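One structure is given below, encoded as structure tokens.
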Amino acid sequence: MTFLGMPARAPRGVGHLRGDQPFPAAAREALANSQLRRNVGHATTTIRGKSAAVIGELPDWQQLREAGSAIKADVMARLPELLKQLEARVTEAGGVVHWAADANEANAIVTSLVRATGSDRVIKVKSMATQEIGLNEALEAAGIAAVETDLAELIVQLGRDKPSHILVPAIHRNRAEIREIFLRAMPGVDPALTDEPRVLAAAARRYLRETFLSTKVAVSGANFAIAETGTLAVVESEGNGRMCLTLPDTLITVMGIEKVLPTWQDLEVFLQLLPRSSTGERMNPYTTMWTGVTPGDGPQEFHLVLLDNGRSAVLADSVGRQALHCIRCSACLNVCPVYERTGGHAYGSVYPGPIGAVLSPQLTGIEDNASLPYASSLCGACFDACPVKINIPELLVHLRNQAPHPAAERAAMAAAAYTMDHPKLYAAAQRAAKLARIAGRRGQGLPRPLSGWTAARDLPELPKETFRQWWAKR
Amino acid sequence: MNNHSTPAPLRPEDDSGAGSSRDLVLGRLRAALGDQRPAPAEVPRAYQGPAGAGDAHRLAENLADYHATVHHCSTGGIAAVIDRLLAGRAAVVPPGLPEGWLPPGATVLRDDGHLTHAQIAAKDVVITAAAVAIAATGTIVLDASLDQGRRVLTLLPDVHVCIVHTDQVVASVPDAIARLEPGRPLTWISGPSATSDIELDRVEGVHGPRTLHVLLVT
Ligand code: SF4
């Protein structure tokens, strides 16, 4: 039995934190898909450039990162108190606060709230938390249709696909593929649809307008929640967020408990950090902030669901807890050489890339995502890019020490990730590993940077096969 | 004493009487932090704080960069600019929008709080004031005051005309945060609705107004 007060992992059998196969196997499939690699490479390169330009406009960027990092550390230290304060403020402002220990409970709460409205359909604005808990599937099982309203989520939903990037979930689809998906799956679409992005966006606008105006319940996530004032904030681009947060009678927001911020003033830090490191904009087109219920303006019924689902277990690890500082900007994905080659699906969880490699195993327990901490070359680019200075490499090493792998396998996985970061080494590694075995000595003669691995006692125990053979077999 | 009962939950006094999941989650979090709570960190706020008045030219540049159309005029010239922008189209306006901003003879529906979503959506244009504008980011913020109206007004029409007085322009995000009232519904707008979901190409106009005009009034 679970004793009250024991931090708990996210339960199995619900939600999307565990992949169908370990990272190396999934990555191998992705590596074979050159279209995917091109799409992802183009997208990450573009965002990196935009982001660097607008970050360069702020002379105090490093000070903002320092502040963001410290605010998040403070939040973790005072999480129970801040959540109770948030609950009190939201309640005073006319909202209703619910607590969900895990995905099953959150899904049950939302389902019963929707049922109580009598609606059999909800509109949704992109939310990692509701993907994490598998809310759409739970609603569908209860006979409630969940309509994703982000263009990218719509592409994913119509394509019966999975999101591959935190910020741009359809990053793996190009315009021609998107046109095909719309023609095939969008009711009432103009058969003369072209693959111009503007035309595709207009098709989505027409398709969703009626749904926005006629649906009585919306489900959202939240980027920030202010304990001091009870204010919730959603940051977005397309206006579908505003539609969901403004038009329906009932709004249900599902929020991971780590999203709370102490003070209103803290927003001045995060509203500078997030857009510039996320979409590479000075500010995203729309941000909506609301506090409980405002008579005559927006939803007159507001529910806030506070979700644990493994977060308490992450908090219990004094090194690992910094993964909870994440503001889901996706900068670490965009700079990651491994992500760039594998795309997001290989990570198995809704949280891909470097942050996924350290967050998913902690939410589920390391045994359910044991290979993810190896999905990195430890190059450190993610640490440098992270607006709240999460030391992802430190976390990766910390988690590798907990991952139940034979030493040789661990070394091989780590080295494989490293070579993905250094394409020329990919081929060299094959020869080098062979040489090392032939030499019969501890990796002597390995070229840099593989020579770094000679220090690891594991290397001579490498499987009696080449990296590529090893990789191919995974 | 009954040895068969389940162990009493860790239930600090101040949480008693609340739902069990609340107790469960809060109890887990306390256990996770342990007895030796990490000391609350001092937050170093060495970044640039509020800097006061903002540069209207910078605002105009940043608005234009995100494809909003900027018009400069005097208070007396507002109606004429709006007349040109309306070009005969019907507009919906919030209850407190100054009458003097509206061109004589314009077809204007004033929101009394009872317009239906369909009635608002049927208008091509919405005209509002703003609460504050941020030069560094090219952002206008609406706070649902009477001259800006409830949030739905600026959401459904395809064209948003927003009147900003230069004394409402602040330098940076910290200035805006300091000026705004958190309890009000707030909408931060930086350019027209946009998506970059298709191959990272920025496309204006998905669900919100596809055109944003900002009148900078001196
Ligand atoms: S870990 Fe840092 S860089 Fe990665 S998504 Fe989270 S906040 Fe962004």
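Only one of A:Ala432, A:Ala417 is within 19 Å of A:Gln21 (Cβ to Cβ) and either open to solvent by less than 10 Å² (accessible area, probe 1.4 Å) or modelled with pLDDT under 70 (or both); which?
Result of the check over A:Ala432, A:Ala417: A:Ala417.
Which of the residues belonging to the range B:97-117 are at pLDDT 95 or above, surrounded by 15 or more Cβ atoms within 10 Å (Cβ to Cβ) and either among the β-branched types (Val, Ile, Thr) or touching a strand residue (DSSP E or B) at 6+ places or on another chain (Cβ under 8 Å) (or both)?
Residues satisfying the conditions are B:Leu97, B:Trp101, B:Leu102, B:Val108, B:Leu109, B:Arg110, B:Asp111, B:Leu115.
Taking A:Val397, is it under 22 Å from A:Phe224 (Cα atoms), open to solvent by 10 Å² or more (accessible area, probe 1.4 Å), more than 10 Å from the ligand (Cβ to nearest atom) and more than 14 Å from chain B (Cβ to nearest Cβ)?
No: the conditions fail for A:Val397.
Conditions first: (1) within 16 Å of the ligand (Cβ to nearest atom); (2) surrounded by fewer than 24 Cβ atoms within 10 Å (Cβ to Cβ). A:Asp249 passes all but one, so which condition is the exception?
So A:Asp249 meets the others, but not (1).
Please find, within the range B:182-215, the residue that is least open to solvent (accessible area, probe 1.4 Å) out of those that are within 7 Å of chain A (Cβ to nearest Cβ) and of a type in the set (Asp, Glu).
Checking each candidate, the answer is B:Asp197.
Taking A:Glu29 as the residue in question, decide whether it is more than 7 Å from chain B (Cβ to nearest Cβ), part of a helix (DSSP H, G or I) and open to solvent by 60 Å² or more (accessible area, probe 1.4 Å).
Spelling it out, A:Glu29 is indeed more than 7 Å from chain B (Cβ to nearest Cβ), part of a helix (DSSP H, G or I) and open to solvent by 60 Å² or more (accessible area, probe 1.4 Å).
For a quick check of your reading of the model, give me the residue pairs whose first member lies in the range A:320-335 and is basic (Lys, Arg), whose second is near the ligand (Cβ under 7 Å from one of its atoms), with beta-carbon atoms closer than 9 Å and at least 6 apart or on different chains.
That search, which allows pairs on different chains as well, returns A:Arg328/A:Ile166; A:Arg328/A:Ile355.
The values are calculated or read from the model by the stated rules, or taken from the named source; none is laboratory data. Fair warning: this is a prediction, and the values are worked out from it, not measured in the lab. A quick note on method: Cβ atoms are made from the backbone with ideal geometry, for glycine too, and the neighbour counts reach across all protein chains shown. We work out accessible area using only protein heavy atoms, side chains counted, and drop any ligands, DNA or RNA first. Shrake-Rupley method; radii C 1.70, N 1.55, O 1.52, S 1.80 Å.
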